[in-house]
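Readers should treat all values here as calculations from the given coordinates under stated rules, not as data from a laboratory. Bear in mind the structure is a predicted one, so any value in this text is a computation, not a measurement. We place every Cβ from the backbone using ideal geometry, glycine too, and count neighbours over all the protein chains shown.
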Amino acid sequence: MRILHTADVHLRQHDDERWEALRAVVALGAEEKVKALVISGDLFDRGINAEDLKGYVRPLFSGTGMKVVILPGNHDADSYAGGMYFGEDVAILDDVHSPVRLGDVSIFGIPFRPVGTEGVLETLHALADEMEADRTNILLFHGELLDTFFSRSDFGEEGPKRYMPARLAYFEELSVNYVLAGHFHSRFDVRRLGNGGYFVYPGSPVSVTRRETGQRKVNLFEVGGPPQPHALDTSHFEDIAVRLDPFRDAGPLAMIRERLSEVHPRARILLTVSGFVNSQKMGMTETELAGRIRQLAGSRAVDPVLEFSDIGRVMEDELFKSFARRLDETVQDEARRVRMRELAIRAMMEAAP
């Protein structure tokens, strides 16, 4: 049995980049003939009326040949009230004691509640007797794993508040084979449980904030085997940092063009250009170069950060001028003078604020 696992789509409206990412995930599931698509929390963003989107969600989740299993997360915990209907093939895990059973696989879920570690432990203890050892047990969870360091930015824009914090050891008391988690946006991350199972964060399938950089992934795996990252062709941010060097053969624009050519076509570029240029050698001012860079990057670049400077600033420094005069007086070999002058310029470039 194949299962596709994602989380943290944070839908806000129909037909935007997040909606397109969800469509791509559903299409992947149908193409790969998975038995179940599980969404481990935050399908909808905070404050979004799921009622307004269910007319689009129903046909998307229907007729795909797979069961869609959704866990309420901290952003959409109230989106499934009153038994809201999302389609015949959709199951909402809003009751920890009501798993979805597919063949010999049981899929449990802990819907989000504003509790701490004690509350998570209490819920897991209650599940211990319900997971049958002769079945494959999967648990959907939306919260923070405390066993490793995560920056607060790895969870999107949640701020300092803790959301259902847990440790790997808490899950090892269960006969659980996979903990398919959500809430951690940044990247695909797998941890091995002491009982031989897996704890998996797939990362968000689309960049919800600028902190989620790099091509996005989902977890596409065969039950009984390890989790497997699968790259998506969805919208995401990509950090591109270019440090210009006035002594390189390639000019600044050639360097930047080369880096931009390597970026995924669906990426929105977070471009930072630093270092130094030789305005005299390239025949354009800093201002003219900045304009050319913005033109080259185009609309895909989001607020480019241009921090480069002209080496004329170094060469006009009195310290460098004094060094150059002394160099001319004491070193006769021209090639050696050129090398030493370059070393001095590089040293002053690095020391420049």
Worksheet item: Once both axes come from the Cα atoms, what is the angle between helix 286-297 and the longest principal axis of the chain, in degrees from 0 to 90, rounded to 10?
Response: 30
Practice prompt. Give me the aspartates and glutamates in straight-line cross-link reach of Lys35: C-alpha distance below 13 Å, same-chain residues under 8 apart excluded.
Written response: Asp89, Asp104, Glu222
Discussion item. Students often forget the sequence filter, so: which lysines lie under 26 Å Cα-Cα from Lys281 once same-chain residues fewer than 8 apart are removed?
Written reply: Lys321
Worksheet item: Computed FRET efficiency, Cβ-Cβ of Glu222 and Asp134, R0 25 Å: what is it to the nearest 0.05?
Response: 0.85
Fill in: Rounded to whole Hz, the Karplus (6.51, -1.76, 1.60) HN-Hα couplings of the stretch 265-279, x for glycine and proline
x, 8, 7, 9, 8, 9, 9, 10, 10, 10, x, 10, 10, 10, 4
Worksheet, complete the sentence: If amide H atoms are modeled at 1.01 Å from N in the peptide plane, then the residues at a separation of 5 or more from Asp189, or on another chain, having amide H under 5 Å from its own are Tyr201, Gly203
Fill in: Considering only the stretch 2-231, percent of DSSP beta bridges that pair antiparallel, nearest 5
35
Practice prompt. Grab the DSSP H runs of the chain that are 4 residues or longer, score each as -39,500 (n - 2.57), total them, divide by all residues and round the 222 nm result to the nearest 500 deg cm²/dmol.
Written response: -9000 deg cm²/dmol
Worksheet entry | Partner lysines for Lys33 [C-alpha distance under 30 Å; skip if fewer than 8 residues away on the same chain] | Lys54, Lys67, Lys217
Practice prompt. Convert each backbone phi in the stretch 135-148 into a coupling constant with the Karplus relation 6.51 cos²θ - 1.76 cosθ + 1.60 (shift: θ = phi - 60°), then list the ³J(HN,Hα) values in order as whole Hz, x for Gly and Pro.
Written response: 10, 7, 10, 10, 10, 8, 9, 10, x, 9, 9, 8, 6, 9
Worksheet item: What is the list of residues in the stretch 209-253 whose amide nitrogen lies under 15 Å from a point 7 angstrom out from the Cα of Lys33, following Cα to Cβ?
Response: 222-223
Item to complete: Under a 10 Å cutoff between Cα atoms, tell me which one of Phe247, Phe112, Phe86 has the largest fluctuation in the Gaussian network model of the chain.
Response: Phe247
Practice prompt. Using 0.36 nm per residue of separation minus the Cα-Cα distance, give me the extension gain between Leu253 and Val302 in nm, one decimal.
Written response: 15.8 nm
Fill in: Angle in degrees between helix 50-61 and the longest Cα principal axis of the chain, rounded to the nearest 10
80
Practice prompt. With θ set to phi - 60°, apply the Karplus curve 6.51 cos²θ - 1.76 cosθ + 1.60 along the stretch 191-207 and write out the HN-Hα couplings as whole Hz, x wherever there is a Gly or Pro.
Written response: 10, 8, 7, x, 8, x, x, 10, 10, 10, 9, x, x, 6, x, 8, 5
Discussion item. For Ser309, what residues show an amide H to amide H distance below 5 Å, using hydrogens built from the backbone and excluding near sequence neighbours?
Written reply: Gly275, Phe276, Val277
Worksheet, complete the sentence: Toy charge model, Lys and Arg Cβ at +1, Asp and Glu Cβ at -1: the chain dipole around Cα centroid in debye, rounded to 20, equals 1040
